[in-house]
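*Asks:* Before I ask anything, here is the structure I am working with.
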Amino acid sequence: MRIVDLNLDLNNIKMKPTRDGYGEGLVAAAEKNPDIIALGADITASVRVDWFRDRFPERFIGIGIAEQNQMGIAAGLSLAGKIPFVTNYGVFLAGRSWDQIRTTVCYANLNVKLGGAHGGISVGPDGATHQALEEISIMRCLPNMRVIVPADSIETRKAAMAAAEIYGPVYIRFGREKVPCITSEDTPFEFGKAYCVREGTDAAIIACGVMVYESLVAAEALAKEGISVMVINNHTVKPLDAETLIEAAEKTGAVVTAEEHQAAGGMGSAVLEMLAQNCPVPAKMIGVMDRFGESGDPGVLMKEFGLVSSNIAAAVKEVIKMKK
Amino acid sequence: MQRRMTREQLRDKTRQLRVSILKMLYEAGSGHPGGSLSAIDVMAVLYHNVMKHDPNNPGWPERDRFFLSKGHACPALYAVLADCGYFSIDTLKNLRKYGCILQGHPCMRHTPGVEVSAGSLGQGLSIAAGNALAAKLDNKAYRVYCLMGDGELQEGQIWEAAMTAGHYKLDNLCGIVDYNGLQIDGKVEDVMNINPLKEKWEAFNWNVVETDGHDVLKLEEAFSRADSCKSKPTVIIAHTVKGKGVSFMENNPSWHGAAPDKDQLASALAELGA
């Protein structure tokens, strides 16, 4: 298990939206590789693809509001050796063009990259229609698809760059709001490799996205009560890093998964499906519990939907009780 | 590259290809004869007299591309590809069987010469348009063809793609509509009318050529007109007969997705002089 010391002061942390990291990563990848093309879907600036468009106007192709067609265009570009990045709000990207992703992109293992913006309840005021809460489930069940849910903006940039280097479809999930920057330039990011951001012995929290930060806050609070909690940044939901996750379960004997997504079918499901067959331990899931989102302030919604550190800490206590 | 065929050679070729289609469907015990027989002349003309391609080098970067959007007509595509030499004719008898490179609907990872997997209708024109866009970006001279069904035009994505191809003036793209007038539930105009068709494509900024989809010379001329049209994509509305060449299959929607039995095969082959 790789252990990474983040050297964090949880009370003094820089905030930045993960969509900014995606926009930066796309430009950085495109500077290295002239085959990278970005497709626009009329929300170009909102998903930070305007940075690519302004830097490489000749490699930007606007498609308008037509998600299914956009995916097909990307498939056609990839068949000619291009590396198209299709970026859209996750609900429309994964949902509206799911069949195109399945039958055209994944079945043939085409080299198409999917940037899924506006992931999670923290999209806020736009409400349920725009809060992607199901993409991890419906992407990870597709053969050949890879799924990354980076923890912060810096990691999202690295994930976008890594996706460009992998042959085949990759889905990168990121969000709208500013979230804590918990990693740094020096933090090692390796596709498919989870890492431990806090060591502990009583339970392991396996988290992705902004929930890694919430888990660290929960672990800090629990430490004051004498409970020692490991936190894993499980940024790659598919393929899972089974080795690291099994080691975490073996060392602590209890697991809490935490994600800003439906608990059904998401990252936690992926982890627990695997652990149930390899290292069954008591487990609890933190996620959205089979309900649609609502409009509201992102912070209020995260609390209302049970996605903050106090919820994670409570789940850790419950799961430790289940060990006995 | 294949040698160009004369009208008589092409006609004989399409007759042989129809025989291949019927035999492979009989062996498979399932599949789609109606739309394969309506589309075979278009494919034969493309592969023998229009497209630049090399069966010994399916990935040749300069080749013209053919995207079969109505994936269920793959028996026609398989017959043509085998005839060109992409794989052995013998393979055809294992269509739809476990382990065969010929899947029930086309799979590019299984079959040499198949440009993209298809089977979920409405997707091919977007893929073809994306491929044509890539050719424009790279200043490549290859042309891109996409065969669609007429019932398939009920899919909204086709029109999203049509809008894109018109918008980007993809004159290296040529769509073909296999306009046989029938779909599984009956006549296209009764199930969900797609007319007026010519005007629709024109309204999406396409050049439209209408022709007899079974007349090999007229088809060749239509492809030549598509090639010479600049600043617009061209669609060829190929007027066809579903089940063409086998009297009891012609214009009968129940032959959309049913394989002939032994007696039906014999009588079909007799009609085709095989």
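*Asks:* Which pairs turn up if I take residues in the range A:41-53 that are free of Cβ contacts under 8 Å to residues at least 60 places away in the same chain and look for partners that are hydrophobic (A, V, I, L, M, F, W, C) and open to solvent by 30 Å² or more (accessible area, probe 1.4 Å) with beta carbon separation below 7 Å, at least 6 apart in sequence or on another chain?
*Replies:* A:ALA41/A:ILE65; A:ASP42/A:ILE65; A:PHE52/A:PHE60; A:ARG53/A:PHE60
*Asks:* Does B:GLU152 count as within 12 Å of chain A (Cβ to nearest Cβ), in a helix (DSSP H, G or I), closer than 26 Å to A:SER97 by Cα and open to solvent by less than 60 Å² (accessible area, probe 1.4 Å)?
*Replies:* Numbers: within 12 Å of chain A (Cβ to nearest Cβ): no; in a helix (DSSP H, G or I): yes; closer than 26 Å to A:SER97 by Cα: yes; open to solvent by less than 60 Å² (accessible area, probe 1.4 Å): yes.
Spelling it out, it is not the case that B:GLU152 is within 12 Å of chain A (Cβ to nearest Cβ), in a helix (DSSP H, G or I), closer than 26 Å to A:SER97 by Cα and open to solvent by less than 60 Å² (accessible area, probe 1.4 Å).
*Asks:* When you check A:VAL210 against the structure, is it open to solvent by 10 Å² or more (accessible area, probe 1.4 Å), in contact with a strand residue (DSSP E or B) (Cβ under 6 Å, 6 or more places away or on another chain) and either of a type in the set (A, V, I, L, M, F, W, C) or within 13 Å of A:MET274 (Cα to Cα) (or both), yes or no? Show your work before the answer.
*Replies:* Values: open to solvent by 10 Å² or more (accessible area, probe 1.4 Å): yes; in contact with a strand residue (DSSP E or B) (Cβ under 6 Å, 6 or more places away or on another chain): yes; either of a type in the set (A, V, I, L, M, F, W, C) or within 13 Å of A:MET274 (Cα to Cα) (or both): yes.
Against the criterion (open to solvent by 10 Å² or more (accessible area, probe 1.4 Å), in contact with a strand residue (DSSP E or B) (Cβ under 6 Å, 6 or more places away or on another chain) and either of a type in the set (A, V, I, L, M, F, W, C) or within 13 Å of A:MET274 (Cα to Cα) (or both)), A:VAL210 qualifies.
*Asks:* Next question, about the same structure. Considering B:LYS242, B:LYS198, B:LYS232, which residue is basic (Lys, Arg) and farther than 19 Å from B:TRP159 by Cβ? Outline the logic, then answer.
*Replies:* Values: B:LYS198 fails: farther than 19 Å from B:TRP159 by Cβ; B:LYS232 fails: farther than 19 Å from B:TRP159 by Cβ.
Just one listed residue meets the conditions, B:LYS242.
*Asks:* If you go through the range B:134-148 one residue at a time, how many are without any contact (Cβ under 8 Å) to a residue 40 or more places away in the chain and open to solvent by 10 Å² or more (accessible area, probe 1.4 Å)? Don't jump to the end; show me each part of the working.
*Replies:* Restricting attention to the range B:134-148, the residues satisfying the condition of being without any contact (Cβ under 8 Å) to a residue 40 or more places away in the chain are B:134-139.
If we keep only those that are open to solvent by 10 Å² or more (accessible area, probe 1.4 Å) too, we end up with B:136-139.
Qualifying residue count, the range B:134-148: 4.
*Asks:* Okay, next question. Going by the conditions given, is A:ALA80 small (Gly, Ala, Ser), open to solvent by 10 Å² or more (accessible area, probe 1.4 Å) and more than 10 Å from every other protein chain (Cβ to nearest Cβ)? Working first, answer last.
*Replies:* On the way: small (Gly, Ala, Ser): yes; open to solvent by 10 Å² or more (accessible area, probe 1.4 Å): yes; more than 10 Å from every other protein chain (Cβ to nearest Cβ): no.
No: the conditions fail for A:ALA80.
*Asks:* Please go through (1) assigned to a loop (DSSP other than H, G, I, E, B); (2) in contact with a strand residue (DSSP E or B) (Cβ under 7 Å, 6 or more places away or on another chain); (3) crowded, with 17+ Cβ neighbours inside 10 Å; (4) touching a residue at least 60 places away in the same chain (Cβ under 8 Å) for A:ILE13 and return the number of the only condition it doesn't satisfy.
*Replies:* Of (1) assigned to a loop (DSSP other than H, G, I, E, B); (2) in contact with a strand residue (DSSP E or B) (Cβ under 7 Å, 6 or more places away or on another chain); (3) crowded, with 17+ Cβ neighbours inside 10 Å; (4) touching a residue at least 60 places away in the same chain (Cβ under 8 Å), only one is false for A:ILE13: (3).
*Asks:* Regarding the range B:159-182, can at least one residue be identified that is open to solvent by 10 Å² or more (accessible area, probe 1.4 Å), more than 14 Å from chain A (Cβ to nearest Cβ) and part of a strand (DSSP E or B)?
*Replies:* yes
*Asks:* I've got another one for you. Identify, please: which residue in the range B:15-47 is within 15 Å of the chain's Cα centre (by Cα) and open to solvent by 10 Å² or more (accessible area, probe 1.4 Å) and is, among those, farthest from B:GLU221 (Cα to Cα)?
*Replies:* First, pick out the residues of the range B:15-47 that are within 15 Å of the chain's Cα centre (by Cα): B:17-18, B:21, B:32-47.
In the following step, the residues that additionally are open to solvent by 10 Å² or more (accessible area, probe 1.4 Å) were identified as B:18, B:32.
Working: B:ARG18: 22, B:HIS32: 28 Å.
Only one residue tops the list, namely B:HIS32.
*Asks:* Would you be able to say whether some residue in the range B:105-119 is within 14 Å of another protein chain (Cβ to nearest Cβ) and over 17 Å from the mean Cα position of the chain (by Cα)?
*Replies:* yes
*Asks:* If I filter the range A:248-270 for residues that are open to solvent by 30 Å² or more (accessible area, probe 1.4 Å), touching a Cys at 6+ places or on another chain (Cβ under 9 Å) and more than 13 Å from A:VAL212 (Cα to Cα), do I get at least one hit?
*Replies:* Yes, the range A:248-270 contains a residue that is open to solvent by 30 Å² or more (accessible area, probe 1.4 Å), touching a Cys at 6+ places or on another chain (Cβ under 9 Å) and more than 13 Å from A:VAL212 (Cα to Cα).
*Asks:* Is it true that some residue in the range B:214-223 is buried (at least 19 other Cβ atoms within 10 Å of the Cβ) and under 22 Å from A:GLY72 (Cα atoms)?
*Replies:* no
*Asks:* Hey, B:GLU8 hits all of (1) of a type in the set (Asp, Glu); (2) in contact (Cβ under 8 Å) with a residue 12 or more places away in the chain; (3) surrounded by fewer than 16 Cβ atoms within 10 Å (Cβ to Cβ) but one; which does it fall short on?
*Replies:* Exception for B:GLU8: condition (2).
*Asks:* For the range A:83-101, enumerate the residues that are closer than 22 Å to A:THR18 by Cα, open to solvent by 20 Å² or more (accessible area, probe 1.4 Å) and either at the interface with chain B (Cβ under 9 Å from one of its Cβ atoms) or of a type in the set (A, V, I, L, M) (or both).
*Replies:* Looking only at the range A:83-101, we keep the residues that are closer than 22 Å to A:THR18 by Cα, and these are A:83-95.
Okay, now just the ones that are also open to solvent by 20 Å² or more (accessible area, probe 1.4 Å), so A:89, A:91-92, A:95.
A:VAL91, the sole residue that qualifies.
*Asks:* Kindly provide the set of residues from the range A:27-61 that are surrounded by fewer than 16 Cβ atoms within 10 Å (Cβ to Cβ) and either within 9 Å of another protein chain (Cβ to nearest Cβ) or touching a His at 6+ places or on another chain (Cβ under 6 Å) (or both), ordered by number.
*Replies:* A:GLU58
*Asks:* Another question, if that's okay. Just name the residue that is surrounded by the most Cβ atoms within 10 Å (Cβ to Cβ) out of those in the range A:271-288 that are touching a strand residue (DSSP E or B) at 6+ places or on another chain (Cβ under 9 Å) and in a helix (DSSP H, G or I).
*Replies:* So, considering only residues that are touching a strand residue (DSSP E or B) at 6+ places or on another chain (Cβ under 9 Å) and in a helix (DSSP H, G or I), the one surrounded by the most Cβ atoms within 10 Å (Cβ to Cβ) is A:VAL271.
*Asks:* Still on this structure, please answer the following. Sort out which residues of the range A:102-117 are in contact with a helix residue (DSSP H, G or I) (Cβ under 6 Å, 6 or more places away or on another chain), touching a residue at least 60 places away in the same chain (Cβ under 8 Å) and either at the interface with chain B (Cβ under 8 Å from one of its Cβ atoms) or not small (Gly, Ala, Ser) (or both), and write them in order of number.
*Replies:* If the condition is that a residue be in contact with a helix residue (DSSP H, G or I) (Cβ under 6 Å, 6 or more places away or on another chain), touching a residue at least 60 places away in the same chain (Cβ under 8 Å) and either at the interface with chain B (Cβ under 8 Å from one of its Cβ atoms) or not small (Gly, Ala, Ser) (or both), then A:VAL105 is the only one that fits.
*Asks:* Go through the range B:48-94 and give me each residue that's aromatic (Phe, Trp, Tyr) and over 15 Å from the mean Cα position of the chain (by Cα). Give the steps one after another, and end with the answer.
*Replies:* Restricting attention to the range B:48-94, the residues satisfying the condition of being aromatic (Phe, Trp, Tyr) are B:60, B:66-67, B:78, B:86-87.
Across the range B:48-94, the qualifying residues are B:TRP60, B:TYR86, B:PHE87.
*Asks:* Would you please name the residue that is nearest to the chain's Cα centre (by Cα), looking only at residues in the range A:107-119 that are more than 18 Å from A:PHE174 (Cα to Cα) and buried (at least 21 other Cβ atoms within 10 Å of the Cβ)? Give the derivation first.
*Replies:* As a first pass, look at the range A:107-119 and keep what is more than 18 Å from A:PHE174 (Cα to Cα): A:107-111.
Keeping just the survivors that are buried (at least 21 other Cβ atoms within 10 Å of the Cβ) gives A:107-108, A:110-111.
Details: A:TYR107: 23, A:ALA108: 24, A:LEU110: 21, A:ASN111: 20 Å.
The selected residue is A:ASN111.
*Asks:* Here's a check for you: in the range B:55-73, which residue that is under 22 Å from B:LEU133 (Cβ atoms) and among the hydrophobic types (A, V, I, L, M, F, W, C) is surrounded by the most Cβ atoms within 10 Å (Cβ to Cβ)?
*Replies:* B:PHE67
*Asks:* Something else about it: Suppose the filter is assigned to a strand (DSSP E or B), in contact with a strand residue (DSSP E or B) (Cβ under 8 Å, 6 or more places away or on another chain), crowded, with 24+ Cβ neighbours inside 10 Å and in the same structural domain as A:ALA30 (by TED's automatic domain parsing); does A:ILE172 pass it?
*Replies:* Numbers: assigned to a strand (DSSP E or B): yes; in contact with a strand residue (DSSP E or B) (Cβ under 8 Å, 6 or more places away or on another chain): yes; crowded, with 24+ Cβ neighbours inside 10 Å: yes; in the same structural domain as A:ALA30 (by TED's automatic domain parsing): yes.
Considered against the rule, which asks whether it is assigned to a strand (DSSP E or B), in contact with a strand residue (DSSP E or B) (Cβ under 8 Å, 6 or more places away or on another chain), crowded, with 24+ Cβ neighbours inside 10 Å and in the same structural domain as A:ALA30 (by TED's automatic domain parsing), A:ILE172 comes out as yes.
*Asks:* If only one of A:LEU222, A:LEU307 is open to solvent by less than 10 Å² (accessible area, probe 1.4 Å), more than 17 Å from the chain's Cα centre (by Cα) and of a type outside the set (Val, Ile, Thr), which one is it? I'd like the intermediate steps shown before the answer.
*Replies:* Details: A:LEU307 fails: more than 17 Å from the chain's Cα centre (by Cα).
Among A:LEU222, A:LEU307, only A:LEU222 is open to solvent by less than 10 Å² (accessible area, probe 1.4 Å), more than 17 Å from the chain's Cα centre (by Cα) and of a type outside the set (Val, Ile, Thr).
*Asks:* Further, regarding this structure: For the range B:120-133, give me each residue that is open to solvent by less than 10 Å² (accessible area, probe 1.4 Å), under 15 Å from the mean Cα position of the chain (by Cα) and more than 7 Å from chain A (Cβ to nearest Cβ).
*Replies:* Matches in the range B:120-133: B:GLY122, B:GLY124, B:LEU125.
The values are calculated or read from the model by the stated rules, or taken from the named source; none is laboratory data. Worth saying up front: this structure is predicted, and the values here are computed from it rather than measured. Every residue, glycine among them, receives a Cβ derived from its backbone with ideal geometry; neighbour counts consider all protein chains shown. SASA here: full protein model, heavy atoms, side chains in, ligands and nucleic acids out. Shrake-Rupley method; radii C 1.70, N 1.55, O 1.52, S 1.80 Å.
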